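The values are calculated or read from the model by the stated rules, or taken from the named source; none is laboratory data. It should be emphasised that the depicted structure is a prediction, and the values quoted were computed from it without experimental measurement. Backbone-built Cβ (ideal geometry, glycine too); neighbour counts: all protein chains shown. Surface areas here come from the heavy atoms of the whole protein model, side chains and all, with no ligands, DNA or RNA. Shrake-Rupley method; radii C 1.70, N 1.55, O 1.52, S 1.80 Å.
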Amino acid sequence: MTVTVYVPRDSSALSLGAGEVAQAISKEASARGIEMRLVRNGSRGAYWLEPLVEVVTASGRVAYGPVTPADVPSLFAADFLNGGQHPLSLGLTDAMSWFASQQRLTFARVGIVDPTSVADYVANDGYQGLRRALSMTPQAIVQAVLDSGLRGRGGAAFPTGIKWKTVLDQPAGQKYVTCNADEGDSGTFSDRMLMEGDPLALVEGMTIAGIAVGATQGYIYLRAEYPHAYRALNHAIAAAYQARYLGSDVMGSGKRFDLEVRLGAGAYVCGEETSMLESLEGKRGEIRVRPPLPAIKGLFGQPTIVNNVMTLGTVPTILHKGAEFYKDFGMGKSRGTLPIQLAGNIKRGGLVERAFGVTLRELLYDYGGGSATGRPIRTVQVGGPLGAYIPASQFDVAIDYEALTAIGALLGHGGIVVFDDTVDMAKMARYAMEFCAVESCGKCTPCRIGSTRGVEVIDRILNGVESERNVQLLEDLCETMLQGSLCGLGGMTPFPVQSALKHFRDDFRARTRH
Amino acid sequence: MMQTLPPTDTDTVRRIVADLKGRPGPLIEILHAIQAALGYVPEGAVPVVAEGLNLSRAEVHGVVTFYHYFRRSPPGKHIVSLCQAEACQSMGAEGLTSHAKHHLGVDFHETTSDGQFSLEPVYCLGNCACSPAAMVNGRLYGRLTPERFDALIAERGLKK
């Protein structure tokens with residue numbers, strides 16, 4: 001029997017040389033006259049082990065990693081195609097504790113299937129959710145999403161079912177489903193991983209959304225920094241059309257759903273939903289004043305669902321396994337699971353999907369293994385550039401929307417950026433303001449002007465110019481931006497700044513001028 | 001005085017506009033296609049696009065300049081984007097950036113005098129578990145060190 005070997009085509013794995021490893025394996029196999037099937041999967045998300053090579057054996061998939069092209073001849077010599085022992089052996093992938101303790105629902109197929117194959121997708125529970133949805137009334141589909149407790153995974157955590165219901169309740173006419181794939185937060189990569197590793201899950205989720213609310217057109221708004229995801233999505237969409245999961249007669253139901261990918265052009269603010277809609281219309285990505293809500297007046301003035309990749313990618317599981325199944329995971333008002341991303345200065349970085357309720361400490365030390373540099377972790381920033389810095393004294397907080405809000409932090413898109421004790425928090429606060437100044441859409445004054453003034457005030461503090469007075473001014477400025485900005489960019493930039501001031505005040509002492 | 005495009009480029013822009021103008025909200029799609037064909041969005045393309053879409057030049061100019069991705073001058077042969085965001089900072093992006101600037105002899109948004117390399121900042125490449133990250137001509141690199149940076153520049157022929 002032909003052996004199947006998996007080498008990821010995930011862009012992070014490629015950034016560590018997975019492409020060269022795949023080539024070396026093919027070359028070595030043909031030189032030895034061995035027939036094998038090479039599948040380019042997504043990443044399993046254990047990035048410290050990438051490039052992670054897996055071989056299918058009678059007892060399951062066996063892993064080796066991190067593999068370099070130079071290791072390939074010795075892997076063949078060790079008979080890795082039959083699971084042979086090698087210094088890079090990791091044993092059965094599923095038995096590794098890092099994976100075994102995870103609860104992968106949204107990421108159930110990522111790293112497992114061939115992302116380019118509809119057949120592989122279907123063989124692994126794919127399109128079960130859509131099949132189910134097509135047998136239900138639109139109201140019942142929306143109710144299932146509502147009952148599941150699913151909240152927007154992009155960061156705002158708004159109940160997805162309520163958004164859908166609002167769109168469903170609008171009079172019949174052109175409606176849209178849009179997916180916000182403008183994953184610009186530093187420390188986040190779960191959208192990218194899903195789009196590269198299991199793009200059909202997103203395609204299916206959007207199709208279900210379309211069927212539910214009566215929308216016939218979907219758009220995925222993808223950031224330009226993700227060229228691999230762009231290729232993977234377009235490939236998946238073409239394959240779905242060919243297999244009639246998209247188009248004028250979705251799964252023989254007589255219902256239409258069309259889908260295309262639109263590329264952004266490097267504007268962080270387009271991750272805000274109204275700004276994204278402007279950009280999808282081909283305009284400057286300036287914030288729209290709400291109301292009207294996009295669900296009532298969205299893309300091209302029509303009722304529009306705007307959901308994040310993780311939200312839509314979770315919908316097929318909810319429809320397939322039922323709202324109750326999904327709701328049974330989690331804690332409090334945070335139901336289900338969250339794909340959490342461990343990033344920055346972390347020894348074992350990657351994707352950990354767990355039910356809400358796991359603590360930050362478990363993630364950082366049990367999964368993450370502490371910092372990459374081996375120094376003590378001083379702080380983590382959760383939820384991207386607009387998220388608060390959390391000090392080590394609060395690492396027992398649970399990953400839960402309300403628990404994080406209670407300590408003045410936010411969960412956002414579930415990205416955790418780790419910093420060791422060499423971090424300069426005044427510099428990080430300055431960076432938050434600087435980033436806001438670079439990315440502000442310019443529509444409202446607190447964000448456009450406030451961010452630039454913020455940089456200047458921090459500079460004055462650090463240069464010893466009336467430090468006390470300027471710290472007060474900075475606090476005032478944060479309050480103004482928080483209260484007066486039109487959207488989250490200006491309105492949340494104060495969070496990292498205020499948290500740095502609160503927990504790391506000593507870092508704001510004046511420095512000697514050079 | 002607005003610069004005018006060479007006739008072949010004008011034809012290219014006209015063809016792109018004609019191909020894409022029927023799509024909903026086509027302007028950004030058109031600008032992407034122009035940049036893919038010409039390497040940047042020349043100022044002279046603005047009136048051609050504006051005329052084709054029945055927009056004012058100001059509207060088109062406004063969109064071109066809003067988005068960081070659209071270049072308004074020709075890039076070097078290789079575009080090197082270095083991530084400046086928090087995750088990469090936590091793993092030494094700042095040091096790598098000063099090394100890169102020094103090694104190439106340019107600042108951000110500049111191109112080496114031999115026209116080989118343009119250096120750009122980027123805010124997150126989604127490679128945050130393998131920081132610091134960079135992208136060279138659409139190819140992603142992770143866990144970069146100054147040595148690895150020099151090697152990938154040398155592969156592409158920096159004359160030192």
Amide H to amide H, which residues 5 or more places from B:Leu140 or on other chains are under 5 Å from it, using H placed in the peptide plane?
none
At 222 nm, what helix-only mean residue ellipticity would chain A give, in deg cm²/dmol to the nearest 500, using -39500 (n - 2.57) for each DSSP H run of four or more?
-11500 deg cm²/dmol
Taking the Cα centre of the protein assembly as shown as the origin and placing charges on Cβ (Lys, Arg +1; Asp, Glu -1), which of A:Ala29, A:Thr57, B:Gln35 is farthest toward the positive end of the dipole?
B:Gln35
Reported to the nearest 10 Å², A:Trp48 has, with a 1.4 Å probe, an accessible area equal to 60 Å²
What does DSSP give for the protein assembly as shown in terms of the percent of beta bridges that are antiparallel, rounded to the nearest 5?
55 percent
Enter the Cα centre distance for the pair the stretch A:97-164 and the stretch B:1-61, rounded to the nearest angstrom.
40 Å
Each residue of the stretch B:44-53 in order: what ³J(HN,Hα) in whole Hz does its phi give by Karplus 6.51 cos²θ - 1.76 cosθ + 1.60, θ = phi - 60°, with x for Gly and Pro?
x, 7, 4, x, 5, 5, 4, 5, x, 9
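Please give me the summed charge of the neighbours of A:Gly247: other residues whose Cβ is under 9 Å from its Cβ, Lys and Arg +1, Asp and Glu -1. Walk me through the numbers on the way to the answer.
Working: positive: A:Arg244, A:Arg256; negative: A:Asp249, A:Asp258.
Charge balance in the 9 Å sphere: 0.
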Other residues with Cβ under 12 Å from the Cβ of A:Cys441 give, with Lys and Arg +1 and Asp and Glu -1, a net charge of +1
Largest first, how would A:Arg151, B:Arg139, A:Arg37 line up by accessible area (1.4 Å probe)?
A:Arg37, B:Arg139, A:Arg151
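Is the stretch A:76-218 rounded, prolate or oblate when judged by the Cα gyration tensor, a ≥ b ≥ c being the square roots of its eigenvalues, rounded requiring a/c under 1.5 and prolate requiring a/b larger than b/c? Mind dumping the intermediate values first?
Working: a/c = 2.60, a/b = 2.14, b/c = 1.22.
Note, shape of the stretch A:76-218 comes out prolate.
Quick one: dipole size for the stretch A:3-98, taken about the Cα centre, charges +1 on Lys/Arg Cβ and -1 on Asp/Glu Cβ, in debye to the nearest 20.
On the way: 7 positive and 9 negative charges, 34 e Å.
Charge dipole, the stretch A:3-98, about its Cα centre: 160 debye, nearest 20.
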Positive-end residue of A:Leu342, A:Val397, A:Thr373, charge dipole of the stretch A:330-420 with Cβ unit charges
A:Thr373
State, to one decimal in nm, how far the label point of A:Asp94 lies from the label point of A:Asp396, with both points 7 Å from Cα in the Cβ direction.
3.7 nm
About the Cα centre of the protein assembly as shown, what is the dipole size in debye to 20, counting +1 per Lys and Arg Cβ and -1 per Asp and Glu Cβ, all else neutral?
660 debye
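Using a 1.4 angstrom probe with every protein chain in place, what is the largest-first accessible-area order of A:Leu168, A:Leu259? Don't skip to the answer; put the middle values down first.
Details: A:Leu168 30, A:Leu259 10 Å².
Heavy-atom accessible area, descending, gives A:Leu168, A:Leu259.
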Got a number for the accessible area of A:Phe158? Probe 1.4 Å, square angstrom, nearest 10.
100 Å²
For A:Lys333, A:Lys165, write out the residues from largest to smallest accessible area, computed with a 1.4 angstrom probe and no ligands counted.
A:Lys333, A:Lys165
Check B:His78: other-chain or 5+ apart residues with amide H under 5 Å from its amide H, H built from backbone geometry?
B:Phe117, B:Ser118
Rounded to whole Hz, the Karplus (6.51, -1.76, 1.60) HN-Hα couplings of the stretch A:179-185, x for glycine and proline:
10, 7, 10, 9, 6, x, 5
Which are the unpartnered cysteines of chain B, meaning those with no other cysteine Cβ under 4.7 Å from their Cβ?
B:Cys124, B:Cys128, B:Cys130
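For the stretch A:118-327, what is the charge dipole size about the Cα centre, in debye to the nearest 20, if Lys and Arg each add +1 at the Cβ and Asp and Glu each add -1 at the Cβ? Walk me through the numbers before you get to the answer.
Working: 21 positive and 21 negative charges, 101 e Å.
Using only the charged Cβ atoms, the result is roughly 480 debye.
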Under the rule of at least 5 residues apart or a separate chain, name every residue whose amide H is placed under 5 Å from the amide H of A:Leu38.
A:Val5
Identify, among A:Thr216, A:Gly264, A:Gly330, the residue whose Cα sits farthest towards the positive end of the charge dipole of chain A, taking +1 on the Cβ of Lys and Arg and -1 on the Cβ of Asp and Glu, with the dipole about the Cα centre.
A:Thr216
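By the gyration tensor of its Cα atoms, with a ≥ b ≥ c the square roots of the eigenvalues, what is the shape of chain A: rounded for a/c under 1.5, prolate for a/b over b/c, or oblate?
Here chain A falls in the oblate category.
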Hz values of 3J(HN,Hα) by residue in the stretch A:267-280 - Karplus curve (6.51, -1.76, 1.60), Gly and Pro given as x:
9, 4, 5, 5, x, 7, 5, 6, 5, 4, 5, 4, 5, 4
Determine the sum of side-chain charges near A:Ala100: Lys and Arg each +1, Asp and Glu each -1, restricted to other residues whose C-beta is under 15 angstrom from that of A:Ala100.
+1
